[in-house]
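These notes are about the structure you will find just below.
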Amino acid sequence: MKAIVLGGTAGMGRAIARRLAERGDEVFLMGRDAGDLARSAADLEARQAKNGRVGYAVCDLEKTDGFAAALDEADRALGGFDTVVVTAAMFATQEALEADVELTRRLLTVNYTNTVVFCEHARKRLLERGGGRLTVFSSVAGDRGRKPVALYGSSKAGLSHYLESLDHKFHAKGLTVLCVKPGFVKTGMTAGLKPPPFAGEPDDVAKDVVRAMVARKPLLYTPAIWALVMLVIRWLPRFVMRRIGF
Amino acid sequence: MSEAILAAWGRLSLPGVELLGEDLESLSRCTTLSRGMGRSYGDSSLPARGTDRVVSTRLANRILAFDARTGVVRAEAGLSLVEINRLFMPRGFFPPVTPGTKFVTLGGMVASDVHGKNHHREGCFGAHVRSMRMRLADDSIVTCSPTEHPDLFHATIGGMGLLGHILEVEFALHRIPSPWIFMESERVHDIDEFLAALGRAAPRWPMTMGWIDCLQRGRSMGRGILMAGRWAEPHEAPKAPPRAAAELTFPVELPNWALNPTTASLFNMAYYWRHTQQRVETIVAPEPFFYPLDAILHWNRVYGPRGFTQYQCVLPRAAGPAAVREFMDRLTSLGGASPLCVIKDCGPEGEGLLSFPLEGTSIAVDMAISPDIQRIVDRLNEFVIAAGGRIYLTKDRFTRPTHFRAMEPRLERFFAAREKWDPHRRLRSAQSVRLFGDRA
């Protein structure tokens with residue numbers, strides 16, 4: 001694969017970029033901070049199975065006008081990418097979001113509108129060259145309206161909906177869209193939150209994601225137990241959801 | 001940021017505030033201590049008080065540079081030995097020094113100045129560190145090396161994280177001829193024979209250590225298995241690389257009574273007699289050779305909720321074999337010992353100001369926490385002080401400050417370095433409160 005990883009400097013994105021590089025795939029990193037990208041690129045160069053430079057470009061999901069230039073840079077560095085992975089997103093607790101409307105606006109914009117805009121740029125380029133893989137991190141939080149993640153979850157619900165539609169529309173044209181729904185994963189983003197049962201590790205998530213990408217699956221719950229957990233949650237009657245804190 | 005219970009490997013838990021993230025440089029501002037994978041046994045990685053902010057380095061684990069010609073690596077402090085071995089052993093490189101567990105970070109290896117089976121040849125890990133990038137107590141960031149701020153460099157090596165937060169470490173990996181170990185193991189019948197065998201093995205083998213059945217008394221006191229090894233040459237090694245061992249987890253916390261003198265004796269007897277031949281030569285994978293206990297994750301659950309400590313001391317060569325024999329005698333008569341007891345020849349003292357090893361014999365023994373534990377540690381420390389030895393801070397939880405001062409002539413130089421680089425003692429741990437009188 002010739003893969004772009006947007007959000008590949010930290011958390012699950014870092015773990016996926018490493019796994020791809022160690023497999024022998026060519027990786028191009030995107031993220032907000034040039035210094036951080038340079039350090040992560042050096043890390044991948046030391047780990048990768050092939051010799052060679054790992055390219056990177058600044059791409060901030062809050063600045064849509066930079067998307068096309070960053071994708072152009074990736075195209076030049078990789079000689080035409082065939083895979084795009086998006087793990088970048090914003091997270092804030094429901095409490096923080098309810099207290100700050102501007103933070104809510106930013107989070108909803110980044111996690112839904114701008115992620116979709118980025119995917120549209122990437123999707124068009126992939127289809128022009130006959131297809132490819134688009135892997136995007138949504139969340140189990142988007143599967144059902146829930147009290148603790150009402151706002152964050154709604155951004156991910158919209159994203160999951162979009163990704164499923166892309167899969168329906170473009171699968172036959174060679175575009176494999178993978179919607180990843182991680183449960184709680186122990187990363188810097190979730191630091192400070194009490195891990196629930198079944199909390200995952202970034203490396204385990206990366207292993208699941210790369211396996212699903214290779215198998216061209218459209219949907220992945222990781223850790224796998226979350227598929228069962230969310231199946232139950234989706235079928236719970238509304239009066240029960242009103243009473244429980246989950 | 002999480003207010004949580006932070007635990008050490010010996011199952012000591014204290015409340016604290018742990019900061020976790022990839023950006024160590026920003027996380028380490030205004031914090032009191034860094035901790036890695038929490039494998040130090042006692043209180044050295046635990047906060048001085050519940051409100052202290054402690055940085056977890058685990059996610060700051062990037063390799064920043066690797067030179068395949070020289071083996072020189074520069075990496076963030078949270079890079080683990082698991083990753084270093086996984087990535088570089090297939091390329092013909094291995095760390096110059098490895099401790100008895102791979103579940104440690106680079107920063108932790110420096111802060112503890114870890115030693116391994118090759119100490120008599122290679123010294124401690126700190127001897128192979130070329131430079132470090134650190135955040136100091138005043139929040140400034142500096143680079144130190146043997147030539148740049150050498151006092152800071154040498155006080156940080158083995159300094160238990162009390163001089164600053166280690167952000168990056170540069171060190172050189174060693175080339176290895178194959179990813180396999182040529183090992184010779186030998187059954188040894190008592191402590192005198194053990195010391196003689198260690199002495200014979202040291203010039204012949206780059207790596208030596210022994211397991212002792214420390215529950216035996218009388219004529220069999222100090223019997224055990226001596227293990228010596230070197231990297232196998234390509235013509236000796238299997239063609240395929242070693243396979244990754246299956247990951248087993250100790251599934252439950254055993255009750256406190258499960259590990260008792262009877263079960264420990266049975267285990268020791270089986271382990272000793274499992275070595276049916278007097279001497280065996282074999283090719284083994286590095287994992288069981290260097291990290292036998294890592295084969296079972298969470299093995300510390302075997303001690304139950306009471307937890308355990310490891311008493312590790314080094315007795316100087318000048319004290320002679322009689323001191324080691326007497327120490328073993330005292331250890332066995334005091335009781336409290338468990339199946340894990342390791343003996344090792346150490347080479348000359350390194351340059352780290354609080355680095356543990358000195359030329360002599362190191363003995364490490366796990367002991368379950370009991371009402372008697374303070375008395376046992378006191379009695380052992382009194383003996384070690386009289387013999388001119390010292391204990392290993394990374395394992396320690398019970399040594400009294402007066403005892404530590406008595407066994408550590410380099411302490412004033414360490415205090416002088418702290419006075420210069422952290423005059424207000426902003427960097428502190430539960431251990432520095434206990435041993436050095438830092439404010440809680």
Revision key, fill the gap. Going residue by residue through segment A:208-218, the Karplus relation 6.51 cos²θ - 1.76 cosθ + 1.60 with θ = phi - 60° gives ³J(HN,Hα) values, rounded to whole Hz and with x marking Gly or Pro, of 4, 5, 5, 4, 5, 5, 5, 7, 6, 7, x
Review point. Structure shown: which of A:LYS2/A:LYS50; A:LYS124/A:LYS186; A:LYS63/A:LYS194; A:LYS2/A:LYS173; A:LYS194/B:LYS395 lie over 24 Å apart, alpha-carbon to alpha-carbon?
Key: A:LYS124/A:LYS186; A:LYS63/A:LYS194; A:LYS194/B:LYS395
Practice item. For A:LYS169, go through the aspartates and glutamates and keep the ones whose alpha-carbon is under 14 Å away, minus same-chain ones fewer than eight residues off. Key: A:GLU120
Practice item. Among the aspartates and glutamates, select those whose C-alpha is under 13 Å from the C-alpha of A:LYS147, and discard any that sit fewer than 8 residues away in the same chain. Key: A:GLU95, A:GLU98
Check your understanding: When the chain is fully extended, how far beyond the present Cα-Cα distance does B:ARG204 get from B:THR147, taking 0.36 nm per residue of separation?
Key -> 17.1 nm
Check your understanding: For chain B, what is the calculated [θ] at 222 nm in deg cm²/dmol (nearest 500), taking -39500 (n - 2.57) for each run of four or more DSSP H residues and dividing by its residue count?
Key -> -7500 deg cm²/dmol
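Charges only on Cβ, +1 for Lys and Arg, -1 for Asp and Glu: so what's the dipole of chain B about the Cα centre, in debye to the nearest 20?
360
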Point to revise | FRET efficiency estimate (nearest 0.05) - Cβ-Cβ, A:LYS194 to B:ALA246, R0 45 angstrom | key: 0.90
**Study point:** Simple spin-label estimate for B:ARG219 and A:VAL116 in nanometres, 7 Å along Cα-Cβ
**Key:** 8.6
Exercise for review: For segment B:184-247 and segment B:305-359, compute the distance between their C-alpha centroids and round to whole Å.
Suggested key: 17
Review point. Counting other Cβ atoms within 10 Å of each Cβ, which trypsin sites (Lys or Arg not before Pro) in segment B:95-160 have at most 10 and sit in a DSSP loop?
Key: none
Check your understanding: So what is the calculated 222 nm ellipticity per residue for chain A, using -39500 (n - 2.57) for each DSSP H run with n of 4 or more, over all residues, to the nearest 500 deg cm²/dmol?
Key -> -15000 deg cm²/dmol
Study note, to complete from the structure: About its Cα centre, segment B:63-176 carries a charge dipole, from +1 on Lys and Arg Cβ atoms and -1 on Asp and Glu Cβ atoms, whose size in debye to the nearest 20 is 600
Point to revise | Residue (of B:THR282, B:THR309, B:MET227) at the positive-pole extreme of segment B:181-405, dipole from beta-carbon charges | key: B:THR309
Practice item. Grab the other residues whose beta carbon is less than 14 angstrom from that of A:LEU37, score K and R as +1, D and E as -1, and report the net. Key: -3
Point to revise | Of B:THR31, B:THR70, B:THR361, the one that fluctuates the most in a GNM where chain B has Cα springs shorter than 10 Å | key: B:THR70
**Study point:** trypsin sites (Lys or Arg not before Pro) within segment A:177-246, DSSP loop, no more than 14 other Cβ atoms inside 10 Å
**Key:** A:ARG216
Check your understanding: Which of the trypsin sites (Lys or Arg not before Pro) found in segment A:116-155 are in a DSSP loop and have at most 13 neighbouring Cβ atoms, other than their own, within 10 Å?
Key -> A:ARG129
Review point. Under DSSP H, which helices of chain B have Cα atoms covering 18 Å or more of the helix axis and a Kyte-Doolittle average no less than 0.5?
Key: B:373-387
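Read the figures in this text as sums done on the coordinates, not as results from a lab. Owing to the predicted nature of the structure, the values given are computational and were not obtained by experimental measurement. Every residue, glycine among them, receives a Cβ derived from its backbone with ideal geometry; neighbour counts consider all protein chains shown.
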